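Everything on this sheet refers to the single structure shown next.
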Number of protein chains: 2
Amino acid sequence: MLSSGEIKLIRSLKEKKFRDAEGLFVVEGEKMVAEAGKSGFKIEKIFFRDGEDGIGEAAMAKISMLSSPSPALAVVRKPEGLISDKPAELLSDKGLYLALDSIRDPGNLGTIIRICDWFGIEGIIASQDTVDVFNPKVVQSTMGAVFRVPFHYASVPELCMEAVKAGGKVYGTFLDGEDIYGKELSAGTSAPDVVIIGNESDGISQQTAAFVTERLFIPPYPSDRKGSESLNAAVASAVTLAEFRRRGRRR
Amino acid sequence: MLSSGEIKLIRSLKEKKFRDAEGLFVVEGEKMVAEAGKSGFKIEKIFFRDGEDGIGEAAMAKISMLSSPSPALAVVRKPEGLISDKPAELLSDKGLYLALDSIRDPGNLGTIIRICDWFGIEGIIASQDTVDVFNPKVVQSTMGAVFRVPFHYASVPELCMEAVKAGGKVYGTFLDGEDIYGKELSAGTSAPDVVIIGNESDGISQQTAAFVTERLFIPPYPSDRKGSESLNAAVASAVTLAEFRRRGRRR
């Protein structure tokens with residue numbers, strides 16, 4: 001039911017070079033496997049632990065990447081066109097997009113994708129040095145959102161340039177930015193608008209920052225509070241996107 | 001410079017039972033060690049990798065819990081009164097508090113403490129089945145906020161009861177709660193108000209939910225959006241507290 005070749009293949013998919021070579025990634029858990037099935041992604045194979053066609057607990061433990069193996073695991077084909085060299089094609093004429101400038105932590109990326117799903121973000125565009133979206137830790141922490149939010153790798157500076165050319169704005173959070181609650185926010189209602197989230201330690205890179213048209217800041221409380229230096233990248237994404245969407249619902 | 005007894009002690013502090021027995025925990029990184037030094041916490045010992053009194057790279061690797069050992073490590077004494085059986089004593093007559101109902105993931109807890117630091121939360125009260133705040137993963141992911149935000153373990157239902165007795169409100173987020181953007185929010189300006197964050201999978205427990213006076217919901221966008229089921233516990237904390245503080249700055 002589970003050949004040694006399959007075991008070897010599935011285990012190899014922990015590493016990016018094998019995911020790239022095979023064009024495959026792994027999804028675990030009954031809910032996640034069901035989400036994969038409902039999505040447009042192509043499922044290559046599904047393994048169940050229990051039932052008539054089940055492979056059993058020992059076999060599941062061999063292929064699982066989780067500390068407690070789940071009852072279901074699917075091998076899924078990566079979508080075509082994941083990496084784009086034409087960022088303009090990733091933008092519609094309207095919509096709110098998130099751009100990631102070098103997010104390195106898999107848990108952060110997964111959480112950000114889940115946030116974008118919740119707040120109905122049109123698509124995520126990540127710089128090529130952002131962690132692989134099909135890393136098992138990323139996939140699992142999206143709780144299925146990886147199957148719902150369009151995700152591409154492309155040049156973030158080029159993307160910003162294209163958004164501006166199309167009449168959109170480019171938002172970024174900076175420690176010396178302007179209070180988000182005092183700024184007008186356009187959330188893609190008349191052009192493609194982009195919110196950039198920077199790297200966990202270094203924030204938005206200088207190269208990308210040059211394309212930001214609106215510099216934002218999430219104020220601490222009280223506003224002159226000293227001590228804490230920043231919010232985590234996923235948390236900054238959540239607070240920023242929640243505020244864009246709060247404004248949207250008032251209109 | 002670093003005895004085998006010290007190595008054994010420090011390595012043992014990865015485990016809660018030894019942290020409890022010794023009353024100690026470990027902090028790593030120059031910035032974190034400096035934060036510990038500035039705080040009211042008692043530093044038992046500091047080890048530096050480099051310099052005249054440095055212990056060297058090999059010795060640091062032996063005691064470090066990080067995959068790439070940092071240049072500084074401190075052994076810090078846990079504060080007194082971490083566990084309280086009198087939750088009333090944890091509340092001032094005014095202030096906004098966060099209560100954690102069984103948060104299990106160390107990264108989530110660390111991120112939540114960092115969020116509370118940013119938004120000037122008066123104190124955090126966690127149920128006793130919440131992960132240990134001095135777990136090294138929690139400590140490191142707070143980025144120093146663990147030294148700034150008052151943190152206690154106590155009964156969350158009792159705490160809620162005490163807040164209500166003192167004239168405060170108890171807020172909780174639920175999938176069937178009311179749109180947070182349409183609700184009046186009191187942020188501890190006239191009494192101790194409490195925001196409860198529930199467990200990662202199960203949300204707020206039934207026992208605790210009975211004490212919630214205001215049921216909130218962070219709406220997705222668009223508001224009838226289907227698919228995503230919930231936000232991560234730390235993300236829900238961030239969006240909720242940001243909204244409480246946004247209202248506060250308008251007054």
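By DSSP, what percent of the beta bridges with both residues in chain B are antiparallel, rounded to the nearest 5? Walk me through the numbers before you get to the answer.
Details: 11 of 34 bridges.
The antiparallel proportion sits near 30 percent.
Can you give me the span-like helices of chain A, meaning DSSP H runs with 24 Å or more of Cα extent along the axis and Kyte-Doolittle mean at or above -0.5?
On the way: long enough: A:233-250 (26 Å, -0.22).
Once both thresholds are applied, what remains is A:233-250.
Summing -39500 (n - 2.57) over the DSSP H runs of n ≥ 4 in chain A and dividing by its residue number, what mean residue ellipticity at 222 nm do you reach, to the nearest 500 deg cm²/dmol?
Details: 9 runs with 83 residues, N = 251.
Dividing the helical sum by the residues of chain A leaves -9500 deg cm²/dmol.
With Cβ to Cβ distances under 12 Å as the rule, what net charge do the other residues near A:SER205 carry (K, R +1; D, E -1)? Before the final figure, lay out each step's value.
Details: positive: none; negative: A:ASP101, A:ASP129, A:ASP202.
Counting the neighbours of A:SER205, the net charge comes to -3.
Nearest 20 debye, what's the magnitude of the dipole of the protein assembly as shown about its Cα centre given +1 on Lys and Arg Cβ and -1 on Asp and Glu Cβ?
Charge dipole, the protein assembly as shown, about its Cα centre: 400 debye, nearest 20.
Can you name the residue in chain B whose Cβ lies closest to the B-to-A rotation axis, and give that gap in whole Å?
Closest Cβ on chain B to the axis mapping it onto A, in Å: B:ALA238, 3.
Kindly write out, for region B:17-29 in residue order, the coupling ³J(HN,Hα) from the Karplus curve 6.51 cos²θ - 1.76 cosθ + 1.60 (θ = phi - 60°), rounded to whole Hz, with x marking Gly and Pro.
Going residue by residue, I get 4, 7, 4, 5, 5, 8, x, 10, 8, 10, 10, 10, x Hz, with x marking Gly and Pro.
Placing the label point 7 Å from Cα along the Cα-to-Cβ direction, what are the distances from A:GLN128 to the equivalent spots in the other copies, shortest first, in nm to one decimal?
Between copies, matching label points for A:GLN128 lie 5.6 nm apart.
Considering amide H positions built from the backbone, and no H for Pro or chain starts, which residues 5 or more places from A:ALA126, or on another chain, come under 5 Å of its amide H?
Under 5 Å from the amide H of A:ALA126 lie the amide H atoms of A:LEU100, A:HIS152, A:TYR153, A:ALA154, each far enough along the sequence or on another chain.
For region B:111-168 and region A:54-112, what is the centre-to-centre distance using only Cα atoms, to the nearest Å?
Each part's Cα centre sits 32 Å from the other's.
Counting only C-alpha contacts under 8 Å and six or more residues apart, can you give the relative contact order of region B:111-251 as a whole percent?
Numbers: 174 pairs, mean separation 36.7, N = 141.
Relative contact order comes out at 26 percent.
Ordered shortest first, which distances in nm separate the 7 Å Cα→C-beta label point of B:GLU200 from those of the other copies?
Listed shortest first, these distances are 1.5 nm.
Inside 10 Å of the C-beta atoms of B:110-117, what's the mean count of C-beta atoms belonging to other chains?
Details: counts 1, 7, 1, 1, 6, 6, 1, 6.
That works out to 4 on average.
Take the cross-link list A:LYS169/B:LYS183; A:LYS226/B:LYS31; B:LYS31/B:LYS137 and give me the ones stretching past 23 Å between alpha-carbons.
On the way: A:LYS169/B:LYS183 31 Å; A:LYS226/B:LYS31 15 Å; B:LYS31/B:LYS137 16 Å.
Check vs 23 Å cut-off fails for A:LYS169/B:LYS183.
With a cut-off of 8 Å between alpha carbons and a minimum separation of six or more residues, what is the relative contact order of region B:4-77 in percent?
Working: 102 pairs, mean separation 29.9, N = 74.
For region B:4-77, the relative contact order is 40 percent.
Pairs of alpha-carbon atoms within less than 8 angstrom and 6+ residues apart define the contacts here; what relative contact order does chain A have, in percent? Display every interim value, and only then the final one.
Details: 465 pairs, mean separation 48.5, N = 251.
That works out to 19 percent.
With Cβ to Cβ distances under 13 Å as the rule, what net charge do the other residues near B:ALA36 carry (K, R +1; D, E -1)? Numbers along the way, then the final one.
Working: positive: B:LYS31, B:LYS38, B:LYS42, B:LYS45, B:ARG77, B:LYS78, B:ARG148; negative: B:GLU28, B:GLU30, B:GLU35, B:GLU44.
Around B:ALA36, the surrounding residues sum to +3.
Taking a label point 7 Å out from Cα toward Cβ, give me the nm distances from B:LEU82 to the same spot in the other copies, shortest first, one decimal.
4.2
When Lys and Arg each count +1 and Asp and Glu each count -1, what net charge do the other residues less than 13 Å away from B:ASP20, Cβ to Cβ, add up to?
Numbers: positive: B:LYS14, B:LYS16, B:LYS17, B:ARG19, B:ARG77, B:LYS78; negative: B:GLU15, B:GLU22, B:ASP132.
Around B:ASP20, the surrounding residues sum to +3.
Throughout, read-outs are computed from the coordinates displayed, never taken from laboratory work. Quick caveat, the model's predicted, so the values are computed rather than measured. FYI the Cβ positions are ideal-geometry reconstructions off the backbone, even for glycines, and counts take in every protein chain you see.
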